[in-house]
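*Asks:* Structure incoming, see below.
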Amino acid sequence: MAEYTVKDLPVTSDFDLELFMSICQETRIGGSMMDALSDAWERWLPHAAARLIETESGNFLLVWLGEAVEEDVDDRWEEAPSEAFMYNALAQVMCMGIVHALIPEVEEVGCAPAPKPTDVLADALEAENVPYAVMGEPGLARRFAVMTPHPFRGGCEICVLRKECPKMGGDRGTSVTLPGFER
């Protein structure tokens, strides 16, 4: 069995309103909804985790929100489907905020490239209760989870999802130029 080590990393995440508005595709959010989302943020933060997985082939950041957050979002879909999308977006923003705090380059690039699945990563993910959804494929079983190389080693050019990436529209190139980053 290949070797790996796992280290806890600090979980800090400031609410990124711009990212949230972009993900939920809203231009305005009322005060009562913002209060409810702020309350959810505070409830969820203790359920967030970040780990550094160190392997012979490189190191990886794993960030995820626990099952309690998934259940809370599921409950929202049952109670108020018209608002549930915002809670789903909030969980995504929390995950990415933690990633951005630990690897600032990911925020600049606009995406956390997914590493190629390996048996070593599968073992480490299983031990953290965040296994691959399907062995050999990069998707994780936790709904709100991100795994990416650490430290930053590149963007789209190293991502195993490049050919399927919706930002790239298939395999049109090796990079995505985000608005405001044009030369």
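*Asks:* Condition first: more than 21 Å from Val130 (Cβ to Cβ) and either among the hydrophobic types (A, V, I, L, M, F, W, C) or within 18 Å of the chain's Cα centre (by Cα) (or both). Can you find one or more residues in segment 48-65 that meet it?
*Replies:* Taking every residue of segment 48-65 in turn, none turns out to be more than 21 Å from Val130 (Cβ to Cβ) and either among the hydrophobic types (A, V, I, L, M, F, W, C) or within 18 Å of the chain's Cα centre (by Cα) (or both).
*Asks:* So, in segment 148-168, how many residues would count as being acidic (Asp, Glu) and assigned to a loop (DSSP other than H, G, I, E, B)?
*Replies:* The total comes to 0.
*Asks:* With respect to Leu45, is the statement that it is at pLDDT 90 or above, part of a helix (DSSP H, G or I), within 17 Å of Tyr87 (Cβ to Cβ) and touching a Ser or Thr at 6+ places or on another chain (Cβ under 9 Å) true?
*Replies:* When the stated conditions are applied, Leu45 passes them.
*Asks:* Restricting attention to segment 12-41, report how many residues are among the acidic types (Asp, Glu), within 18 Å of the chain's Cα centre (by Cα) and either within 30 Å of Asp119 (Cα to Cα) or surrounded by fewer than 14 Cβ atoms within 10 Å (Cβ to Cβ) (or both).
*Replies:* 2
*Asks:* Shifting gears a bit: What pairs can you find where one residue is in segment 116-128 and farther than 17 Å from Arg51 by Cα, the other is of a type in the set (A, V, I, L, M, F, W, C) and surrounded by 13 or more Cβ atoms within 10 Å (Cβ to Cβ), and their Cβ atoms are less than 6 Å apart, with a gap of 6+ or different chains?
*Replies:* Lys116/Val160
*Asks:* Among the residues of segment 48-71, what is the count of those that are part of a helix (DSSP H, G or I) and surrounded by fewer than 22 Cβ atoms within 10 Å (Cβ to Cβ)?
*Replies:* Qualifying residue count, segment 48-71: 4.
Table: residues versus (1) closer than 21 Å to Pro46 by Cβ; (2) among the hydroxyl-bearing types (Ser, Thr, Tyr); (3) in a strand (DSSP E or B).
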{"site": "Phe85", "(1), (2), (3)": "no, no, no"}
{"site": "Met96", "(1), (2), (3)": "yes, no, no"}
{"site": "His100", "(1), (2), (3)": "yes, no, no"}
{"site": "Glu105", "(1), (2), (3)": "no, no, no"}
{"site": "Ala122", "(1), (2), (3)": "no, no, no"}
{"site": "Val130", "(1), (2), (3)": "yes, no, no"}
{"site": "Glu137", "(1), (2), (3)": "no, no, no"}
{"site": "Val146", "(1), (2), (3)": "yes, no, yes"}
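*Asks:* Have a look at Glu70, Glu56, Glu83 and point out the one that is charged (D, E, K, R) and more than 20 Å from Phe15 (Cα to Cα).
*Replies:* Result: Glu56 is the single residue among Glu70, Glu56, Glu83 that is charged (D, E, K, R) and more than 20 Å from Phe15 (Cα to Cα).
*Asks:* Further question on the same structure: Going through segment 76-87 one residue at a time, which ones are without any contact (Cβ under 8 Å) to a residue 60 or more places away in the chain and either of a type outside the set (D, E, K, R) or surrounded by fewer than 17 Cβ atoms within 10 Å (Cβ to Cβ) (or both)?
*Replies:* Scanning segment 76-87 gives Trp77, Glu78, Glu79, Ala80, Pro81, Ser82, Glu83, Ala84, Tyr87.
The values are calculated or read from the model by the stated rules, or taken from the named source; none is laboratory data. Computed from a predicted structure; not experimentally measured. Backbone-built Cβ (ideal geometry, glycine too); neighbour counts: all protein chains shown.
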